[in-house]
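Input: a single structure, listed below in structure tokens.
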Amino acid sequence: MSLVASPARFVVALVLLLALAASGRAQGGVLTQVSNATTISPTIGVVCEDTAGGSGTYANSFWRSFDLVGDHGFPSGVAIDIHRVSFSVRLADPGTAASIPMRVRIWEDLSPPANWGAVNAPINPGGLLLKTDTLVTLPFLQNSIVTVDLTDLTGESTVATIVPLSSRRLVVEVAAPNLLPTLGHFYPGGNALGQTRFAYLSSSVCGINTPTTYPQLGFSNECLNITASWVPAGTFVLRHGTQEGIRMGTAVGLVTPANPIGTGPSSVMKQASAGDQLVVGLSPLGNDFLGLPAALAAQLFPTGAVPVSPDSNFPEIHLDFGAASSPLLLYDGTQQLLFGGLGPQGITLSYTVPAGLSGQSVLLQWVVLDPFLQGPGFQNGFFASSEAHVIQML
């Protein structure tokens with residue numbers, strides 16, 4: 001297939017929608033407090049667990065608190081966006097369940113203690129302001145690093161905007177549930193190779209009701225690896241579509257565990273060259289739209305001149321139908337209705353980037369229709385649209 005394939009047949013209403021634009025990436029970085037973020041030691045990862053029966057680990061939260069101004073040199077008052085969190089896993093064993101439902105939360109600590117950073121200085125939960133809450137399910141893992149692009153609890157991409165101030169802290173929490181009912185275990189990963197600040201643990205079953213430093217609990221070598229990736233605020237222009245139960249993903253090159261079909265805020269813009277494989281996916285986030293037809297549209301535009309939808313009635317539409325390069329329909333799901341429409345495994349398409357597109361970008365977005373009006377209904381009465389991604393051609 002080619003990105004410049006001619007439009008497929010479809011209802012005119014379909015081509016009302018689609019696509020999203022994302023700005024170019026400004027420089028960002030990774031916040032870390034450990035000297036070595038890749039080594040995972042078999043003796044690190046103390047948790048609250050059933051030590052008597054050995055039947056599982058209790059609910060535990062693992063924390064890192066960052067002084068963005070004092071420790072990391074951020075200018076005071078200049079906002080940043082946290083878009084990704086990574087953490088190491090020594091062991092994630094769901095037991096009799098298929099997976100472990102973990103939560104990754106970004107907090108802003110509005111009132112850190114005066115002796116913040118000291119061994120005996122816990123994090124005060126009363127001073128925490130929740131910024132984002134992301135659900136991530138872990139299969140069986142061992143000695144692995146998990147990377148999580150932030151989403152809200154509906155599965156839509158999001159970022160946590162933080163304004164660095166000397167009087168505040170950025171706090172990252174990785175929370176594991178009580179796994180005793182499924183005989184499961186979760187142990188975080190880390191090492192004893194050094195850190196600039198202490199990690200924290202909380203677990204009410206073990207009486208650790210506030211996030212407390214590991215040294216205060218008697219474990220001085222727990223250098224847990226929890227990092228946060230940031231960009232200047234506003235770097236990712238997230239146009240979400242209608243935010244209804246479907247999610248777009250893209251990958252450039254061969255899809256592997258190291259190069260997955262990306263869906264988070266850091267995936268809304270990618271770069272590709274002639275001959276590269278471009279993979280575009282659509283995933284249902286529930287059962288509402290199963291069996292309905294989906295379609296993929298694209299618009300080619302000069303890099304930097306992002307299309308703008310002329311229709312204010314549909315702010316989730318970002319294609320410009322009056323542009324010299326009109327939107328194209330790359331995939332017509334109405335042709336698949338006889339085979340059941342959108343399935344629980346979603347849709348994955350593969351394209352080869354053609355030559356001659358250097359200096360251009362392609363804007364992509366999915367849409368789902370209910371032509372027989374038999375489904376759950378859409379918020380706008382016509383369609384549901386996914387997030388959109390931009391592919392910049394080199």
Quick check: anything in segment 189-198 farther than 22 Å from S41 by Cα and of a type outside the set (K, R)?
no
So, in segment 156-167, exactly how many residues are under 20 Å from V78 (Cβ atoms) and touching a strand residue (DSSP E or B) at 6+ places or on another chain (Cβ under 6 Å)?
4
Subset of segment 92-114 (residues that are surrounded by fewer than 20 Cβ atoms within 10 Å (Cβ to Cβ) and in a strand (DSSP E or B))
P101, R103, E108
Hey, S35 open to solvent by 50 Å² or more (accessible area, probe 1.4 Å), in contact (Cβ under 8 Å) with a residue 40 or more places away in the chain, touching a Pro at 6+ places or on another chain (Cβ under 7 Å) and at negative phi or not
no
Take segment 282-303 and flag every residue that is small (G, A, S) and crowded, with 23+ Cβ neighbours inside 10 Å.
A294, A295, A297, A298
When segment 198-232 is examined, which residues are found to be open to solvent by 10 Å² or more (accessible area, probe 1.4 Å), touching a residue at least 12 places away in the same chain (Cβ under 8 Å), farther than 13 Å from R64 by Cβ and not small (G, A, S)?
V205, C206, I208, T210, T212, P215, Q216, L217, F219, N221, W230, P232
All positions within segment 39-77 that are under 26 Å from L179 (Cα atoms) and loosely packed, with under 13 Cβ neighbours inside 10 Å:
P42, T43, T51, A52, G53, G54
Within segment 144-175, how many residues turn out to be touching a Ser or Thr at 6+ places or on another chain (Cβ under 8 Å), within 21 Å of P101 (Cβ to Cβ), open to solvent by 60 Å² or more (accessible area, probe 1.4 Å) and not aliphatic (A, V, I, L, M)?
1
Hits in segment 338-376 - residues which are at pLDDT below 85 and over 27 Å from the mean Cα position of the chain (by Cα)
L338, F339, G340, G359, D370, P371, F372, L373, Q374, G375
Tell me yes or no: at least one residue of segment 120-142 is polar (S, T, N, Q), surrounded by fewer than 21 Cβ atoms within 10 Å (Cβ to Cβ) and closer than 22 Å to V34 by Cα.
yes
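Residues checked against (1) in a loop (DSSP other than H, G, I, E, B); (2) in contact with a strand residue (DSSP E or B) (Cβ under 7 Å, 6 or more places away or on another chain); (3) modelled with pLDDT of 80 or more:
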residue	(1), (2), (3)
V280	no, yes, yes
L292	yes, yes, yes
A298	no, yes, yes
D311	yes, no, no
F321	yes, no, no
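The values are calculated or read from the model by the stated rules, or taken from the named source; none is laboratory data. Since the structure is predicted, the reported quantities are computational estimates derived from the model, not experimental observations. Heads up, the Cβs are rebuilt from the backbone with ideal geometry, glycines too, and the neighbour counts pull from every protein chain shown. Areas reflect the complete protein model, heavy atoms only, side chains present, ligands, DNA and RNA absent. Shrake-Rupley method; radii C 1.70, N 1.55, O 1.52, S 1.80 Å.
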